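One structure is given below, encoded as structure tokens.
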Amino acid sequence: MKEAMKQANKALEKDEVPIGAVIVKDGKIISRGCNCREKSQNALKHAEVIAIDKACKKLKSWRLDGCQIYVTLEPCPMCAGAIANARIEKLTYGCKETSSNENLCEKILQSNRLNHHTKVIFDQTYQKEISQILSTFFQEKRKKN
């Protein structure tokens, strides 16, 4: 999770929503991603999608069997779908999405409609730090506007 937090800080330095993701296979980080929607002006450029894209290229496969993804914030529905479609084994995230208390990410990843289920873990170890980074970012944005 610390490596995902480093990615979130990279996004913050670029004035992007500070969310980071890393993908691990066999105990080694194989890809990293941070949000870059503003810079790219592309709605798909979420940290998770970027990390998945890089991992697929590295492994030369769209199936990320045996991989784990660590994300600072609970993934949105689009990213949950990408995680499921990539066949990622396990998702660990460090902070709940405060605007959604429906566990939507977990519902998507555990849906009976899918032939693959991703194990979901909410690791609260760095929740306060991650939450503070996000809160401060959005407070600063509101001040500017």
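The values are calculated or read from the model by the stated rules, or taken from the named source; none is laboratory data. The structure presented is a predicted model; accordingly, all values stated were derived computationally and were not measured. All Cβ positions, glycine included, derive from the backbone under ideal geometry; neighbour counts span all protein chains shown. All accessible areas refer to the heavy atoms of the entire protein, side chains included, with ligands and DNA or RNA removed. Shrake-Rupley method; radii C 1.70, N 1.55, O 1.52, S 1.80 Å.
Here are the numbers:
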{"read-out": "Candidates L64, L114, L91, filtered to the one that is open to solvent by 20 Å² or more (accessible area, probe 1.4 Å), of a type outside the set (S, T, Y) and not in a helix (DSSP H, G or I)", "value": "L114"}
{"read-out": "Failed item in (1) of a type outside the set (G, A, S); (2) part of a helix (DSSP H, G or I); (3) open to solvent by 50 Å² or more (accessible area, probe 1.4 Å), with E102 passing the rest", "value": "(2)"}
{"read-out": "Pairs with Cβ under 7 Å, 6+ apart, first in the stretch 131-145 and touching a residue at least 60 places away in the same chain (Cβ under 8 Å) and surrounded by 10 or more Cβ atoms within 10 Å (Cβ to Cβ), second among the small types (G, A, S) and in a helix (DSSP H, G or I)", "value": "I133/A8"}
{"read-out": "Where E97 falls short, out of the listed (1) open to solvent by 40 Å² or more (accessible area, probe 1.4 Å); (2) touching a residue at least 24 places away in the same chain (Cβ under 8 Å); (3) over 24 Å from K14 (Cβ atoms)", "value": "(3)"}
{"read-out": "Candidate set: the stretch 39-58, residues that are out of contact with any Ser or Thr (no Cβ under 9 Å at 6 or more places or on another chain) and part of a helix (DSSP H, G or I); chosen: the one nearest to V17 (Cα to Cα)", "value": "K39"}
{"read-out": "Neighbours by Cβ (under 6 Å, 6+ apart or cross-chain): first from the stretch 26-41, within 15 Å of M1 (Cβ to Cβ); second open to solvent by 90 Å² or more (accessible area, probe 1.4 Å)", "value": "C34/K10"}
{"read-out": "Yes/no for I108 being part of a helix (DSSP H, G or I), open to solvent by less than 60 Å² (accessible area, probe 1.4 Å) and at pLDDT below 95", "value": "yes"}
{"read-out": "Filter result (over 22 Å from I133 (Cα atoms) and not in a helix (DSSP H, G or I)) within the stretch 67-80", "value": "C67, Q68"}
{"read-out": "Candidates A80, A43, A47, A11 - the one that is over 14 Å from the mean Cα position of the chain (by Cα), aliphatic (A, V, I, L, M) and either surrounded by fewer than 15 Cβ atoms within 10 Å (Cβ to Cβ) or under 24 Å from F137 (Cα atoms) (or both)", "value": "A43"}
{"read-out": "Hey, D15 touching a Lys or Arg at 6+ places or on another chain (Cβ under 9 Å), without any contact (Cβ under 8 Å) to a residue 24 or more places away in the chain and either of a type in the set (D, E, K, R) or closer than 21 Å to N115 by Cβ (or both) or not", "value": "yes"}
